[in-house]
Amino acid sequence: MREKDHIITDQDSTLVSLCQKKDLAAFEELVRKHQQKMLNIAYRMIGNYEEACDVVQDAFVSAYKNIKSFKGISKFSTWLSVIVINHSKKSLKKLKSQHYRESVSVYKTVNIGHNQISVDPPSSGPLPDEVIERENIQEKLQLCLDRLENEFREVVVLRDIQGFSYKDISRTLTIAEGTVKSRLFRARVLLKNCLKRFLGVI
(Lines give C-alpha, C1' and ligand atoms only; values in the text may rest on other atoms or scores of the structure.)
Protein backbone atom coordinates (compact mmCIF):
# COMPACT_ATOMS: atom_id res chain seq x y z
CA MET A 1 0.00 0.00 0.00
CA ARG A 2 1.37 3.40 -0.96
CA GLU A 3 1.93 5.89 1.85
CA LYS A 4 -0.48 8.38 0.33
CA ASP A 5 -3.22 5.74 0.44
CA HIS A 6 -2.64 4.90 4.10
CA ILE A 7 -5.45 6.01 6.39
CA ILE A 8 -4.21 7.46 9.69
CA THR A 9 -6.27 6.63 12.77
CA ASP A 10 -5.78 8.79 15.84
CA GLN A 11 -7.76 10.09 18.82
CA ASP A 12 -9.75 12.43 16.59
CA SER A 13 -10.98 9.78 14.16
CA THR A 14 -14.26 9.05 15.96
CA LEU A 15 -15.09 12.72 16.39
CA VAL A 16 -14.27 13.44 12.75
CA SER A 17 -16.52 10.58 11.66
CA LEU A 18 -19.36 12.06 13.69
CA CYS A 19 -18.69 15.53 12.26
CA GLN A 20 -18.98 14.14 8.77
CA LYS A 21 -22.50 13.12 9.79
CA LYS A 22 -23.22 16.73 10.79
CA ASP A 23 -22.78 16.16 14.53
CA LEU A 24 -22.14 19.70 15.79
CA ALA A 25 -21.36 18.57 19.33
CA ALA A 26 -18.50 16.42 18.01
CA PHE A 27 -17.12 19.38 16.11
CA GLU A 28 -17.31 21.59 19.20
CA GLU A 29 -15.23 18.96 21.00
CA LEU A 30 -12.62 19.13 18.24
CA VAL A 31 -12.60 22.91 18.56
CA ARG A 32 -12.04 22.71 22.32
CA LYS A 33 -9.22 20.25 21.78
CA HIS A 34 -7.34 22.10 19.05
CA GLN A 35 -8.27 25.77 19.42
CA GLN A 36 -5.25 26.77 21.52
CA LYS A 37 -2.68 25.25 19.17
CA MET A 38 -4.43 26.73 16.13
CA LEU A 39 -4.57 30.15 17.79
CA ASN A 40 -0.86 29.95 18.58
CA ILE A 41 -0.08 29.07 14.96
CA ALA A 42 -2.21 31.93 13.64
CA TYR A 43 -0.77 34.44 16.10
CA ARG A 44 2.82 33.50 15.33
CA MET A 45 2.09 33.70 11.61
CA ILE A 46 0.29 37.06 11.79
CA GLY A 47 1.57 38.83 14.91
CA ASN A 48 -1.81 40.40 15.68
CA TYR A 49 -3.84 38.72 18.42
CA GLU A 50 -7.32 39.91 17.45
CA GLU A 51 -6.71 39.13 13.78
CA ALA A 52 -5.41 35.68 14.75
CA CYS A 53 -8.64 35.01 16.65
CA ASP A 54 -10.66 35.99 13.58
CA VAL A 55 -8.50 33.76 11.41
CA VAL A 56 -8.98 30.77 13.72
CA GLN A 57 -12.73 31.30 13.81
CA ASP A 58 -12.85 31.46 10.01
CA ALA A 59 -10.61 28.40 9.77
CA PHE A 60 -12.86 26.33 12.03
CA VAL A 61 -15.92 27.37 10.05
CA SER A 62 -14.14 26.38 6.86
CA ALA A 63 -13.08 23.07 8.40
CA TYR A 64 -16.65 22.28 9.40
CA LYS A 65 -17.99 23.11 5.96
CA ASN A 66 -15.33 20.94 4.29
CA ILE A 67 -15.08 18.13 6.85
CA LYS A 68 -16.36 15.58 4.33
CA SER A 69 -13.29 16.22 2.20
CA PHE A 70 -11.04 15.01 5.02
CA LYS A 71 -9.89 11.52 3.96
CA GLY A 72 -7.74 10.61 6.95
CA ILE A 73 -4.51 10.45 4.94
CA SER A 74 -2.98 12.82 7.51
CA LYS A 75 -3.90 13.52 11.12
CA PHE A 76 -6.88 15.81 11.60
CA SER A 77 -4.66 18.34 13.40
CA THR A 78 -2.35 18.42 10.39
CA TRP A 79 -5.27 18.97 8.01
CA LEU A 80 -6.62 21.71 10.29
CA SER A 81 -3.20 23.37 10.48
CA VAL A 82 -3.13 23.65 6.69
CA ILE A 83 -6.44 25.54 6.80
CA VAL A 84 -5.20 27.85 9.56
CA ILE A 85 -1.94 28.57 7.73
CA ASN A 86 -3.77 29.32 4.48
CA HIS A 87 -6.18 31.67 6.25
CA SER A 88 -3.21 33.29 8.02
CA LYS A 89 -1.48 33.94 4.70
CA LYS A 90 -4.63 35.60 3.36
CA SER A 91 -4.78 37.74 6.48
CA LEU A 92 -1.12 38.73 6.11
CA LYS A 93 -1.81 40.01 2.62
CA LYS A 94 -4.62 42.13 4.04
CA LEU A 95 -2.41 43.45 6.82
CA LYS A 96 0.80 43.92 4.84
CA SER A 97 0.44 47.70 4.80
CA GLN A 98 -0.11 47.84 8.55
CA HIS A 99 2.74 47.91 11.03
CA TYR A 100 0.69 47.38 14.15
CA ARG A 101 1.69 44.35 16.22
CA GLU A 102 0.29 43.41 19.62
CA SER A 103 2.64 42.20 22.34
CA VAL A 104 0.21 40.05 24.32
CA SER A 105 0.43 36.47 25.46
CA VAL A 106 -0.84 33.84 23.02
CA TYR A 107 -1.74 31.54 25.89
CA LYS A 108 -5.34 32.66 26.30
CA THR A 109 -8.43 30.50 26.33
CA VAL A 110 -10.64 30.58 23.28
CA ASN A 111 -14.21 29.55 24.02
CA ILE A 112 -16.80 28.43 21.49
CA GLY A 113 -20.49 29.04 21.82
CA HIS A 114 -23.21 29.22 19.21
CA ASN A 115 -20.60 28.43 16.54
CA GLN A 116 -18.55 31.55 17.30
CA ILE A 117 -15.17 31.86 18.99
CA SER A 118 -14.71 34.58 21.56
CA VAL A 119 -11.41 35.52 23.19
CA ASP A 120 -10.86 36.33 26.83
CA PRO A 121 -9.09 39.73 27.06
CA PRO A 122 -5.50 39.76 28.38
CA SER A 123 -5.09 40.69 32.02
CA SER A 124 -4.27 44.34 32.71
CA GLY A 125 -2.90 43.62 36.17
CA PRO A 126 0.76 44.16 37.18
CA LEU A 127 3.24 41.42 36.31
CA PRO A 128 6.34 40.25 38.21
CA ASP A 129 9.70 41.33 36.78
CA GLU A 130 10.54 37.88 35.47
CA VAL A 131 7.21 37.67 33.63
CA ILE A 132 7.76 41.12 32.12
CA GLU A 133 11.20 40.03 30.94
CA ARG A 134 9.75 36.89 29.39
CA GLU A 135 7.05 38.93 27.66
CA ASN A 136 9.74 41.29 26.35
CA ILE A 137 11.65 38.40 24.82
CA GLN A 138 8.42 37.01 23.36
CA GLU A 139 7.71 40.40 21.82
CA LYS A 140 11.18 40.52 20.25
CA LEU A 141 10.71 36.97 18.96
CA GLN A 142 7.42 37.94 17.34
CA LEU A 143 9.01 40.99 15.73
CA CYS A 144 11.71 38.76 14.28
CA LEU A 145 9.14 36.23 13.09
CA ASP A 146 7.26 39.08 11.38
CA ARG A 147 10.39 39.86 9.38
CA LEU A 148 10.75 36.34 8.00
CA GLU A 149 9.34 35.46 4.61
CA ASN A 150 6.29 33.21 4.85
CA GLU A 151 8.13 30.07 3.72
CA PHE A 152 10.62 30.43 6.58
CA ARG A 153 8.12 31.64 9.18
CA GLU A 154 5.71 28.73 8.73
CA VAL A 155 8.36 26.02 9.18
CA VAL A 156 9.81 27.57 12.33
CA VAL A 157 6.32 28.09 13.79
CA LEU A 158 5.31 24.49 13.10
CA ARG A 159 8.60 22.91 14.22
CA ASP A 160 10.10 25.05 16.98
CA ILE A 161 6.95 26.57 18.48
CA GLN A 162 4.32 23.88 17.88
CA GLY A 163 6.60 20.83 17.90
CA PHE A 164 5.39 19.25 14.65
CA SER A 165 7.50 16.41 13.28
CA TYR A 166 9.35 16.90 10.00
CA LYS A 167 6.98 14.41 8.40
CA ASP A 168 3.89 16.30 9.58
CA ILE A 169 5.34 19.61 8.38
CA SER A 170 6.12 18.01 5.04
CA ARG A 171 2.51 16.84 4.75
CA THR A 172 1.10 20.13 5.98
CA LEU A 173 3.04 22.29 3.54
CA THR A 174 3.25 19.66 0.75
CA ILE A 175 7.02 20.00 0.46
CA ALA A 176 9.81 17.43 0.83
CA GLU A 177 11.26 16.76 4.29
CA GLY A 178 14.66 17.88 2.97
CA THR A 179 13.12 21.22 2.01
CA VAL A 180 11.59 21.51 5.47
CA LYS A 181 14.99 20.99 7.08
CA SER A 182 16.81 23.42 4.81
CA ARG A 183 14.16 26.14 5.30
CA LEU A 184 14.21 25.54 9.05
CA PHE A 185 18.01 25.86 9.16
CA ARG A 186 17.85 29.13 7.26
CA ALA A 187 14.96 30.42 9.40
CA ARG A 188 16.84 29.66 12.63
CA VAL A 189 19.91 31.53 11.41
CA LEU A 190 17.81 34.55 10.47
CA LEU A 191 15.96 34.48 13.80
CA LYS A 192 19.18 34.12 15.78
CA ASN A 193 20.77 37.11 14.04
CA CYS A 194 17.62 39.19 14.44
CA LEU A 195 17.29 38.41 18.16
CA LYS A 196 20.96 39.28 18.70
CA ARG A 197 20.33 42.72 17.25
CA PHE A 198 17.15 43.30 19.26
CA LEU A 199 18.62 42.06 22.54
CA GLY A 200 21.92 43.85 22.07
CA VAL A 201 23.99 40.65 21.97
CA ILE A 202 27.24 40.87 19.99
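The values are calculated or read from the model by the stated rules, or taken from the named source; none is laboratory data. Quantities reported herein were computed from a predicted structural model and do not represent experimental measurements. Virtual Cβ from ideal backbone geometry, glycine too; neighbours counted across all protein chains shown.
Remarks
- For region 155-180, filtered to residues that are in a helix (DSSP H, G or I) and among the small types (Gly, Ala, Ser), the residue that is farthest from Lys89 (Cα to Cα) is Gly178.
- From the options Phe185, Phe152, residue that is part of a helix (DSSP H, G or I), modelled with pLDDT of 90 or more, touching a Lys or Arg at 6+ places or on another chain (Cβ under 6 Å) and not polar (S, T, N, Q): Phe152
- Scanning region 61-96 for residues that are on the phi > 0 side of the Ramachandran plot and basic (Lys, Arg) yields a total of 0.
- Extreme residue, nearest to Arg159 (Cα to Cα), among residues of region 6-55 that are of a type in the set (Val, Ile, Thr) and touching a residue at least 60 places away in the same chain (Cβ under 8 Å): Ile41
- For region 123-149, taking the residues that are outside any helix (DSSP H, G or I) and at pLDDT 75 or above, the one that is surrounded by the fewest Cβ atoms within 10 Å (Cβ to Cβ) is identified as Glu149.
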